[in-house]
Amino acid sequence: MKKIIVGITGASGAMLGERFVKFLLGAGHEVHAVLSASGQTVFKEELGIKDFKKHFGASKNLHVASAEDFAAKISSGSSKIDAMVIIPCSLSTVGAIANGITMNLIHRAASVSIKEKRPLILVPRESPLSPIHLKNLLYLSEIGVHIVPATTAFYHKPKTIEDMVDFTVGRVLDLLKIEHQLFKRWRENSSAE
């Protein structure tokens with residue numbers, strides 16, 4: 001079982017965060033979720049989810065902290081956490097993290113992940129990207145942050161939006177070294193070399 005911080009920001013793509021958390025909880029992992037105020041708004045607008053914790057039921061593995069709670073357990077480097085994923089990740093969050101600006105618990109936990117050299121995965125959901133966005137993403141990548149754009153592949157022949165979302169979620173799980181069967185891999189079960 002892994003302990004994963006999941007930051008959810010106000011970028012469109014609430015389904016990415018919802019399906020990621022659902023997979024982690026279903027597989028028995030511990031989730032420490034933090035939704036920004038905009039993230040909560042997007043969850044309500046896109047998915048009709050008003051109460052994040054209630055949506056996932058009474059899971060003892062789900063811990064939800066307020067984005068304003070700088071005293072939360074996950075704000076400290078001494079907290080035993082395996083990785084952090086921000087999904088979806090707004091480009092303003094990318095900018096704050098890249099420049100060491102800590103305006104909420106998501107930014108603080110990301111800063112802690114970087115200083116403690118723990119895996120940090122960002123799933124930006126924005127298009128088109130400006131030169132500022134690209135520079136921030138490049139800098140974060142250069143210091144070891146994984147950047148997984150919210151994109152899909154088509155070789156697995158997705159039939160639903162969930163199939164497309166699960167491709168991105170699966171790529172994040174791959175980086176976390178968590179087994180899954182969310183999509184068919186390239187040339188899987190094929191005689192092609």
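Here region 3-175 is assigned +1 on the Cβ of each Lys and Arg and -1 on the Cβ of each Asp and Glu. Its dipole about the Cα centre then comes out at about 280 debye. A straight Cα-to-Cα reach below 13 Å connects K53 with the aspartates and glutamates E18, residues fewer than 8 places away in its own chain not being considered. Projecting label points 7 angstrom from Cα along Cα→Cβ for M1 and I143 puts them 3.2 nm apart. Among 147-155, 48-56, sorting by the average number of other beta carbon atoms lying within 10 angstrom of each residue, highest first, gives 147-155, 48-56.
Think of region 44-193 as a dipole: +1 on every Lys or Arg Cβ, -1 on every Asp or Glu Cβ, centred on the Cα centre; then among L62, V85, V148, L62 lies furthest on the positive end. Computed over neighbours whose Cβ is under 9 Å from that of F43, the net charge equals -1, Lys and Arg +1, Asp and Glu -1. Compared with the rule-of-thumb size 2.2 N^0.38 Å for a compact globular protein, the chain has a Cα radius of gyration ratio of 0.99.
Take every Cα pair under 8 Å in the chain that's 6+ residues apart, average their separations, divide by the length, and report that relative contact order as a whole percent. With pairs under 8 Å counted, the relative contact order is 21 percent. Model label points for S12 and I49, set 7 angstrom from Cα along the Cα-to-Cβ axis, are 1.9 nm apart. Look at where the Cα atoms of region 4-43 and of region 92-147 average out, and the two centres are 17 Å apart. Here the extension length gained between H180 and A153 equals 8.1 nm, from 0.36 nm per residue of separation less the Cα-Cα distance.
With only Cα atoms counted, region 105-145 has Rg and Dmax values of 11.1, 32 Å. Helical runs assigned H by DSSP (4 residues or longer) give the chain a calculated mean residue ellipticity at 222 nm of -11500 deg cm²/dmol, each run adding -39500 (n - 2.57) before division by the residue total.
Values in this text are rule-based calculations from the coordinates and carry no lab data. Here the structure is a predicted model, which is why all the values come from computation and not from measurement. So basically every Cβ, Gly included, is an ideal-geometry build from the backbone, and we count neighbours across all protein chains shown.
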